[in-house]
Amino acid sequence: FFFFFFFQAEDGIRDVERSRGLGDVYKRQILYCRKRIAAFFLILALFVASSVVILMLALHYELTPIYLKLPNGSMMKNYFELYYNVPQTRINPYLLGMLAGFAYYEYKTGKNTLLTKYTKALQSSRVLRYIIYVICLAITVVLMLATYYFNKYPHDIPRSVEILYLMFSRPLFVLCMFGLFFPAMVGKGRLQNLLFSGRALIPLARLTYGAYLVHPCVMIAHNLSEKRGSYFEFAPVMLQFLGHLLLSFAASLVVTGLFESPVVCLDKIFLRPKMKPKKVAIEEEGTN
């Protein structure tokens, strides 16, 4: 396991405004864990620490799962600066992603570990796979629909439920995605392969990363150009979402064509041939 920790350097800024001409300054520290069990406990410790940080922030600043609930004027600012944008509260899904990658690595290398036994159980039992599918889909739907009830302010949802949602909604969503798609990665996801491996989706798949990069720009540009307040009703929000989605993929087409595709072509031409092992011609002496 390799762990990359990024620390904000001295005099680095903590917001979007410029500070003393430095911009964002970060230092990097790499930690390598040779023992699997040590890496696992390190991930567990980071997960617990991040959860405790979220708990303390939620209690002290009265954070809620929806930043539009504004009991005081600083709620929106606190939500983004203390919870939404900072790494110490966003790290948990990435930690689970590391474990998911490790599970796939264990499967590919064939090592006899607990994760390998789980993988073999998934491969051998169709009933187990369907049970996991149903549970993961149910949890995902609950996580998404819960925001509807959080938005109905004032509501009678207990404060403890709000805090638990802040602490575990992201990790639970990642776990559900892992449960839904990991069987396909080990050769037992016929439905997933049918839905997501179609040729019609290949162009969109190549634009997905570009859309991920540019969609904040599209959303911010639209929000800053509005001359009136936003009304969070179903029809306007869905139309806005679809507009942002289409514009993001359109912008991704431009970004991919101007930057990503040329870089990939240069990589194929110059870098990959040098990385391939050179074939050494061996001449065998024959006898007449």
Residue selected from segment 148-160 under the condition part of a helix (DSSP H, G or I) and surrounded by fewer than 13 Cβ atoms within 10 Å (Cβ to Cβ), by the criterion modelled with the highest pLDDT: Ser160
Condition check for Leu145: at pLDDT below 80, surrounded by fewer than 16 Cβ atoms within 10 Å (Cβ to Cβ) and not β-branched (Val, Ile, Thr): no
Those helices (runs of 4 or more DSSP H) lying entirely in segment 208-278 with at least 1 residues closer than 30 Å to Lys152 by Cβ and modelled with pLDDT under 80: 234-255
Positions within segment 110-137 being in a helix (DSSP H, G or I) and of a type in the set (D, E, K, R), in sequence order: Lys117, Lys120, Arg126, Arg129
Among the residues listed as Val186, Val218, the single one being surrounded by 12 or more Cβ atoms within 10 Å (Cβ to Cβ) and within 23 Å of Leu137 (Cα to Cα): Val186
Scan of segment 83-96 for residues that are touching a residue at least 40 places away in the same chain (Cβ under 8 Å) and open to solvent by 40 Å² or more (accessible area, probe 1.4 Å), ordered by number: Pro87, Arg90, Ile91
Qualifying residues in segment 161-178 (those that are of a type in the set (Phe, Trp, Tyr) and at pLDDT 90 or above) - the one nearest to the chain's Cα centre (by Cα): Phe173
Criterion (open to solvent by 80 Å² or more (accessible area, probe 1.4 Å) and within 21 Å of Leu55 (Cα to Cα)) met by exactly one of Phe196, Phe168, Phe173: Phe173
Qualifying positions in segment 34-68 - among the polar types (S, T, N, Q) and at pLDDT below 90: Thr64
Single residue of Ala205, Ala200 found to be under 20 Å from the mean Cα position of the chain (by Cα), hydrophobic (A, V, I, L, M, F, W, C) and at pLDDT below 85: Ala205
Residue match in segment 71-82 (condition: part of a loop (DSSP other than H, G, I, E, B), in contact with a Lys or Arg (Cβ under 9 Å, 6 or more places away or on another chain) and at pLDDT below 80): no
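The values are calculated or read from the model by the stated rules, or taken from the named source; none is laboratory data. Note that this is a predicted model, so its numbers are computed, not measured. With ideal geometry, Cβ positions are generated from the backbone for all residues, glycine too; neighbour counts draw on all protein chains shown. Side chains are part of the model used for accessible areas, which takes the heavy atoms of the whole protein and leaves out ligands, DNA and RNA. Shrake-Rupley method; radii C 1.70, N 1.55, O 1.52, S 1.80 Å.
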